[in-house]
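Student: I have a structure here, written as structure tokens, and I will follow up with some questions on it.
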Number of protein chains: 2
Amino acid sequence: MHRSLTPKGEATRARIIEGAAQVLRESNVVSATLDDIRQQTGTSKSQLFHYFPEGKDQLLLAVAQYEADRVLDDQQPYLSCLTSWDAWYQWRDVVVERYRSQGDTCPLSALFLQIGRTTPGARAVVVELLKRWQAELAAGIRAMRDGGHLPASYDVDEAAAALLAGVQGGVSIMMSTGRSTHLEAAIDVGIRHLRMGGRELARP
Amino acid sequence: MHRSLTPKGEATRARIIEGAAQVLRESNVVSATLDDIRQQTGTSKSQLFHYFPEGKDQLLLAVAQYEADRVLDDQQPYLSCLTSWDAWYQWRDVVVERYRSQGDTCPLSALFLQIGRTTPGARAVVVELLKRWQAELAAGIRAMRDGGHLPASYDVDEAAAALLAGVQGGVSIMMSTGRSTHLEAAIDVGIRHLRMGGRELARP
DNA sequence: CCTAAAATGAACTGGGAAGTCCATTTTTAG
DNA sequence: CTAAAAATGGACTTCCCAGTTCATTTTAGG
């Protein structure tokens, strides 16, 4: 990516990403300018282009990657050990609290809208995030199944997909309404569905 | 709203909104300019400001309202008569098909990002849409309950909220991945949960 | 008809924001 | 120590796009 970066350069680059992330969280992504970022990070215009030669989009993509990494980190250690019903409820509380405190800003969705979902890089970041997220949920469900809390025939991947969709939608609705009702309902109903063992009736 | 609008003016105004909607669906919202809309609708700059004196934001908000109205319309007549399991599955198919054909563009989420969620008008549009959508789902669930397909104690509003969140998240994931897997899983699991009667265990 | 209001066309303005350039300072490595 | 490479400062350029202005054409209504 870079031929050489001194420790100082590395630090500056990191500072730019973190500062940019903060600016994007505070102001609207659309209206955030390079000058805002420059001011926030205490850098000069030439530095921004020194570290991100392809310009603003490259910087925004780096911020998106940074934010994507944080999404799962913020759910740890709970997300990785969904091995009891109690753990599931703890995870629930962490997720709700994380997004509630975030308020009505979703840096990621905003960023992707700005960069364009179709950009290969942008799509890769979000797809990778969703994939890892769903894998963690699936692992948790599988653990419950193997622990005998769910029937052996249970469709783990479908349940994980549905739960992930619920969380995404709950967050997205919270952005608009400012209320966490839907996020809570989605997770609660999702967990309850697990606890019922998801016995299904055939589609007529 | 307007002191007087001749039929011709009315038609032009409508043409602007529809043309703008089309432009916003085809290109990225962020990069769409008034000149694009002007060209698409065969109007002049002064006409845009004649019909939307407050400028671009006002026009975008009108487009958002237009798109919001279409969201529920496109689900009719199925959304309004969810009175049998068969009807639920028909609705499911319509929703999946609607969003699948829409591809990876979500005019609404893009618009709201651009206008800013905090703008009173913008927030009102999306909140109203969600409210009506959820009310329709709740009516359907209530119908099933009253028809004896669900226990009388069933929490209709929570189920409707969770289902709506699932749909939202499924659509949002489809935007990123291009696949309808999650949307289908969310709705399927949601309906299945209904069919199981949503019997719940107490939270420990 | 005829006049006032509404609708339209098109050139123009002003500002803001991305991106460039080059001089200067700092760091690295031999 | 010193020369090359990296990091930094900040003014400057360029251009795009929202919004304005005003003249002209069309429509409505008495």
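Student: Quick one: in the stretch A:20-36, which of the residues that are away from chain B (no Cβ under 14 Å) and within 13 Å of DNA strand D (Cβ to nearest atom) is nearest to A:Thr119 (Cα to Cα)?
Tutor: A:Leu34
Student: Right, another one. Return a yes/no flag: does the stretch B:138-159 have any residue that is surrounded by 19 or more Cβ atoms within 10 Å (Cβ to Cβ), without any contact (Cβ under 8 Å) to a residue 40 or more places away in the chain and either within 23 Å of A:Thr105 (Cα to Cα) or facing chain A (nearest Cβ under 9 Å) (or both).
Tutor: yes
Student: State yes or no: is A:Arg117 touching an Asp or Glu at 6+ places or on another chain (Cβ under 7 Å) and open to solvent by 30 Å² or more (accessible area, probe 1.4 Å)?
Tutor: yes
Student: If you don't mind, there's one more thing I want to ask. Is it the case that A:Gln102 is at pLDDT below 95 and not charged (D, E, K, R)?
Tutor: yes
Student: Please verify whether A:Val127 is open to solvent by 10 Å² or more (accessible area, probe 1.4 Å), closer than 20 Å to B:Ser172 by Cα and within 8 Å of chain B (Cβ to nearest Cβ), treating the condition exactly as stated.
Tutor: yes
Student: Can you pull out the residues in the stretch A:89-102 that are open to solvent by less than 60 Å² (accessible area, probe 1.4 Å) and out of contact with any Lys or Arg (no Cβ under 9 Å at 6 or more places or on another chain)?
Tutor: A:Trp91, A:Arg92, A:Val94, A:Val95, A:Val96, A:Arg98, A:Tyr99, listed by residue number.
Student: If you don't mind, another one. For B:Ala62, indicate whether it is surrounded by 14 or more Cβ atoms within 10 Å (Cβ to Cβ), small (Gly, Ala, Ser) and at pLDDT 95 or above.
Tutor: Yes, satisfied.
Student: One residue is enough: does the stretch A:58-76 have a residue meeting the conditions within 16 Å of DNA strand D (Cβ to nearest atom), among the aromatic types (Phe, Trp, Tyr), without any contact (Cβ under 8 Å) to a residue 60 or more places away in the chain and touching a helix residue (DSSP H, G or I) at 6+ places or on another chain (Cβ under 6 Å)?
Tutor: No, every residue in the stretch A:58-76 fails to be within 16 Å of DNA strand D (Cβ to nearest atom), among the aromatic types (Phe, Trp, Tyr), without any contact (Cβ under 8 Å) to a residue 60 or more places away in the chain and touching a helix residue (DSSP H, G or I) at 6+ places or on another chain (Cβ under 6 Å).
Student: Here is a follow-up. Only residues in the stretch A:174-185 that are more than 14 Å from B:Leu163 (Cβ to Cβ) count as the first member; pair them with residues that are in a loop (DSSP other than H, G, I, E, B), Cβ under 6 angstrom, at least 6 apart or cross-chain, and list the lot.
Tutor: Within 6 Å, the pairs are A:Met174/A:Ser180; A:Met175/A:Asp104; A:Met175/A:Cys106; A:Gly178/A:Asp104.
Student: Tell me the helices (runs of 4 or more DSSP H) entirely within the stretch A:13-102 that contain at least 1 residues that are within 11 Å of DNA strand C (Cβ to nearest atom).
Tutor: A:34-41, A:45-51, A:56-73
Student: Additional query: Considering the stretch A:68-88 alone, what residues qualify as being open to solvent by 30 Å² or more (accessible area, probe 1.4 Å) and within 14 Å of chain B (Cβ to nearest Cβ)?
Tutor: A:Ser84, A:Trp85, A:Asp86 - these are the residues of the stretch A:68-88 that are open to solvent by 30 Å² or more (accessible area, probe 1.4 Å) and within 14 Å of chain B (Cβ to nearest Cβ).
The values are calculated or read from the model by the stated rules, or taken from the named source; none is laboratory data. Values in this document were obtained by computation on a predicted structure and should not be read as measured data. So basically every Cβ, Gly included, is an ideal-geometry build from the backbone, and we count neighbours across all protein chains shown. Only protein heavy atoms, including side chains, enter the accessible area calculation; ligands, DNA and RNA are left aside. Shrake-Rupley method; radii C 1.70, N 1.55, O 1.52, S 1.80 Å.
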